[in-house]
Amino acid sequence: MKHILLSLGMAATAVTAWGAETLTSPDGKMKMEFDLVAGGIPQYSLSLDGKQIIAPSRLGFKLLKVGDLTDGFKVLSVDTASVDETWKPVWGEESEIRNNYKEMKVALQQPSTKHRMDIRFRIFNDGLGFRYEFPQQKKLAHFTIEDEITEFAMTGDHEAYWIPADYETQEYDYTRSRLSEIRENMHEAWTHHNSWEGLVSPTGVQTALMMKTDDGTYINLHEAALVDYPAMHLELNDTTNVFKALLNPDADGYMAVMHTDCVTPWRTVIASKDARDILASRITLNLNDPCKIEDTSWIKPMKYVGVWWEMITGKSKWSYTNDLPNVHIDRPEDYLTVKPHGRHGATTENVKRYIDFAAEHGFDGVLVEGWNIGWEDWSNRFKDEVFDFVTPYPDFNLPEIREYAKAKGVEMIMHHETSSSIRNYERRMDEAYKFMKDNGYNAVKSGYVGFILPRGSKHYSQWSVNHYQYAVEKAADYKIMVNAHEAVRPTGLCRTWPNLIGNESARGTEYQAFGGSKPSHTTILPFTRLIGGPMDYTPGIFEMDISKINPKNKSWVNTTLANQLSLYVTMSSPLQMAADFPENYERFMDAFQFIKDVALDWDKSWYLEAEPMEYLTVARKEKGADRWFVGGTNGETPREAVVDFSFLPKGKYKVTVYRDGKDAHYRNNPQSYVVETKTVTNKSKMKVYTAAGGGFAMTVLPEEK
């Protein structure tokens, strides 16, 4: 690691004539200003190229009983520093990341209460991060936060790409509107998803929030290093265009219980005149702590298939029987006395079919859902004991499957659906993880469907956030990789705990079988959900007409086949699924070849074209190999993408192109595609037609001499 640390200023205590402090990015283009105004109210602002992008915005907290941290502050000291270092992630979009910023810590105190609160700012060339820090102190040893006052004051009625604030789910389609139009669009956006709890606020939205100003500046608001704190949504005052932090409350209606010495997550602003810079930003990762796992050799990217899509589409079921009254989690032998319904997906025979397919085509693993008892009555019942995570159904012969997969060189991926009974999962976690290791499972997909238990807690409250973190750290003790679904959205913690190899935490492919997602959906996710970390999006669907799989399901996958290929590059993840049925891949083996070939881990990434909710084109170099892959994802308007190959070294390269046919359309003709081969150099530019809901993918190899 290269590390340069230069102190620019030392503490200046007891400042009596204190004015505004400024912090400028290393390249001088971005400037943050901090000040105390109107009786000691802390506020900040942010400008880019001399133009304000965050107007003066308040900072602070409302506390329970002990006095608010909103005004009456004096500055005790200001410390500044500059950091320029590089570090190497275990996996990711590049093999080396530069962390270059200037820092300022402002130490504040309320003379009336003697309460201390410090604010640490870090400014990068592409944005700002700041957090609150509470040093150990007698007058504020522990406290309860009722509200966080942090504001992000916008300078105009920007275009925004948003999903509704919701304490239980992030699984929405995105809406594009002006800030002033969020209120009138909120109900429609909410009703398109069957939310568990309902509307949080008529102007509340989730982070990462993407915006675009009228003069073409792109602004992204999010958070980093969410630990021991509730997730942050944003509530808009649509008369002033000011966002305020909207925290997820606990069962008592409070936001967080803090014990000094402690810190909050970072609040982040990423901004640029070029949308590609938002995708290339590493602020979220850089604001997290370095890796805490000493030996990471067991953390390996995985490409997998599995028994999943057939249940999602309704062809198969997770459960073994419909005979509910006789089924109890504490009596697994009861399953031997009931009648199977005959549509159970996780049977020994069916799982072997997927293992054979994975082995034949070089996939690393096979996921099986519905293998364990309890699926007959599991969700939204407030049942504490549902799954035990170790007892298979009678038709799932775990030892036989274990040995069969081992003989084929395929790893099995465990599935733990918790039914959101968090305390049940925690008391069984050691047994479950040990069971995994004893049976050769090195990765787990966990799920949190339903209402959280204990009752009253929400999916993104401080208590639940702490559980998700506990599960990842406990898994690391057993050398297990975690792919968490329905958990809190990622905030860069995969840097610190790289065994967190994937998350869902957004509207994934499953919704294509629940009525469909917008064709533009995958053109906005890299600007929003993926800012915090990779997503287990489960792409690779080749049959778009779900009724051909299950006649009762009239859903349609709103993309073209070529678009599905592009997602393996545009939505980078070290965990990628080929989600469709083996027989559908066998119908299109020339296109399936790209899924087999595409890499999972990268040396370098280039963002060639990008516009939120419209299109993006990304090129990546495979880690440790001379292979490049390109993906282009398009929204609803057909266009001609331009691929500039200047990212290649000198020489000639063979490019295999998988693109939409001229008559392709996500609804009318999604399986129209062309596979062709061309020769390029780093001087070449290639135009590629992309259909509505379409896309393209490329494999680039040096020509043999």
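The values are calculated or read from the model by the stated rules, or taken from the named source; none is laboratory data. All of these numbers come straight from a predicted model, not from anything done at the bench. Note that we place each Cβ from the backbone using ideal geometry, even for glycine, and neighbour counts take in every protein chain shown. Each accessible area value is taken on the protein alone, full model and side chains, heavy atoms only, with ligands, DNA and RNA left out. Shrake-Rupley method; radii C 1.70, N 1.55, O 1.52, S 1.80 Å.
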### Task
List the pair-distance distribution P(r) of the range 110-175, using every Cα-Cα distance, as the percent of pairs falling in each 5 Å bin from 0 up to the bin containing the longest distance, rounded to whole percents.
3, 10, 12, 17, 16, 16, 12, 8, 4, 1
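Would you mind calculating the gained length between A359 and A407 on full extension (0.36 nm times residue separation, minus the Cα-Cα distance), in nm to one decimal?
Using 0.36 nm per residue and subtracting the Cα-Cα distance, I get 16.3 nm.
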### Summary
Sparse-neighbourhood loop hits (trypsin sites (Lys or Arg not before Pro), the range 78-153; DSSP loop; Cβ within 10 Å at most 12 others) -> K114
### Task
Select from the range 432-529 those trypsin sites (Lys or Arg not before Pro) which occupy a DSSP coil region and have at most 11 other Cβ atoms within 10 Å, ordered by residue number.
R455
### Cα extents of the chain along the three principal axes, largest first (Å)
77, 66, 50
### Loop sites in the range 578-638: GluC sites (Glu not before Pro), DSSP, at most 16 other Cβ within 10 Å
E636
### Query
Say the dipole of the chain comes from +1 at the beta carbon of Lys and Arg and -1 at that of Asp and Glu; which of G694, S464, Y167 then lies farthest toward its positive end?
G694
### Query
Taking Cα pairs under 8 Å and at least six residues apart, what relative contact order does the chain come out at, in percent?
11 percent
### Message
Run the paramagnetic zone check for D430: 7 angstrom along Cα to Cβ, then residues of the range 471-492 with backbone nitrogen under 18 Å.
### Response
471-480
### Summary
The alpha-carbon center of the range 403-433 and that of the range 75-133 are separated, in whole Å, by 38 Å
### Query
Given the rule -39500 (n - 2.57) for each run of at least 4 DSSP H residues, summed and divided by the residues of the chain, what is its mean residue ellipticity at 222 nm, to the nearest 500 deg cm²/dmol?
-4500 deg cm²/dmol
### Query
Per residue, how much accessible area does the chain have with a 1.4 Å probe, in Å²?
37 Å²
### Task
Against the globular-protein guess of 2.2 N^0.38 Å, express the Cα radius of gyration of the range 253-384 as a ratio, rounded to two decimals.
1.63
### Message
With just the Cα atoms defining each centre, how far is the range 652-705 from the range 272-289? Give it in Å.
### Response
28 Å
### Task
Determine the dipole magnitude for the chain: charges of +1 sit on the beta-carbon of Lys and Arg, -1 on that of Asp and Glu, nothing else is charged, the reference point is the Cα centre, and the result goes in debye to the nearest 20.
1140 debye
### Query
Tally Lys and Arg at +1 and Asp and Glu at -1 over the other residues with C-beta under 13 Å from the C-beta of W497: what net charge comes out?
0
### Task
Distance from a point 7 Å along Cα→Cβ of K29 to each backbone N in the range 250-283: keep the residues under 17 Å and list them by number.
269-283
### Antiparallel DSSP beta bridges within the chain, as percent of all bridges there, nearest 5
85 percent
### Query
Ignoring any ligand, DNA or RNA, what whole percent of the accessible area of the chain comes from carbon and sulfur when the probe is 1.4 angstrom?
47 percent
### Message
With every atom except the alpha carbons ignored, what do you get for Rg and Dmax of the range 452-586, in angstroms?
### Response
16.5, 48
